[in-house]
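What follows draws every value from the coordinates through simple rules; no lab data is involved. Predicted model, so just to flag it, every value in this text is computed and none were measured. Note: ideal-geometry Cβ built from the backbone for every residue, glycine included; neighbour counts use all protein chains shown.
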Amino acid sequence: MTDNFHRTACCGALALLATLGGCGGAASGPALAGSPSLSTAVAPSGRFAYVANANAGDVSAYAIDAASGALSAVGEPVATGDTPSAIALAPSGRFAYVANLESDDVLAYAIDAASGGLTPVGTRVAAGKAPLGVAVDPSGRFAYVVNDRSGDVSAYCIDAQTGTLAAIGVPVAAGAAPEAIAIHPGGRFVYVTDVVSSTVATFAIDAATGALSAAAAPVAAGVRPRSITIDGSGAFARVVNSTSGETSVFAVNAATGTLSALGRPAADASVQRRPQRGVVVR
C-alpha cells in the first residue's frame, strides 16, 4: 500500500492524509498498491504518482488531488518486466521508465496528459545484470540505469517524439555493486553509490552523446550507501547509509562535479533497510 502525507507549516513535520484506496473506492488510510512497492515517482506537474510493485510485476498509477494530496487509482496496474525495482519520469512528464531487476531490462511508457494512464512504447531494452535504479537527465534526452550484479551503468538516448530508448555504447564500470543513481540538476554529472566499497562515484555526461566517463575518484560514504539525492540547487548531495544507520552530506563542486564531505555523517536509525523478496540486499 502507499501512504501520502502533507508537511505542516509550523515545523515541516509530516502528517498522514486520508486517501483513496483500491481501484478508486473511498478509504481512510494508505492507497493500495502491490507488495512490495519498491519505487515511487511523481509527475513534474504534481498531478500523478506512480508506484513500482516488485512481486506483482506492474506499476500502479494514481491521480493526486490538488487540494488535499489524496490519491485515487488510475485504471488497473500496467504490466512491467520481472520484478520492477525502479521508476523514473522524463522532465516533460510525457514518459516513464521502469527498470526490471530479474529480467534485466528497461521498459518505456507514454503518459496520458489528461488521465495519467500509462501505455507501453517500443520494446524492452536490455540493461546490465540486476538493474536497481533509473534516472533521466534534466534535458530529457538521456536515461541511465545502474546495474547491481554486473557492476556498471547503462546509458540510453531518448527519442523526443516517442520516448523509446536506444543504448549508448557499452555500460560503464561503476564498482562492485552499484545500487543508487542521481543526476545533478545542471545535467552535467551522474552519481552512483556502491554498497560493497561504501563509496560514491562521479561521472561526467557528454553533452552531445550522453556517454559517461569517470570524473573523479570515488569518495567514501558510510557503510552500504543505498540512496543518493542532489538538492535542487545542485550544491549538496545526501547519501543514506543503511548498515551504519546514518546520512552523509557532501558539497558538490559546480565546475568539476566532485564531492567533498561536510563533517561527519549524521546518525539516523530509521535509514536501516529491510530485505525484500526479489531485491538484492547485502
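Spacing of the modelled spin labels on D82 and R124, each 7 Å from Cα toward Cβ, amounts to 0.8 nm. Summarising the amide proton neighbourhood of S242: residues at separation of 5 or more, or on other chains, whose placed amide H is nearer than 5 Å comprise R226. For A127, the residues 5 or more places off, or on other chains, whose built amide H falls under 5 Å of its own are D105, V106.
Each residue of segment 125-135 was assigned a 3J(HN,Hα) from its phi angle through the Karplus curve 6.51 cos²θ - 1.76 cosθ + 1.60 (θ = phi - 60°); the sequence is 10, 5, 10, x, 7, 6, x, 10, x, 9, 8 Hz, with glycine and proline shown as x.
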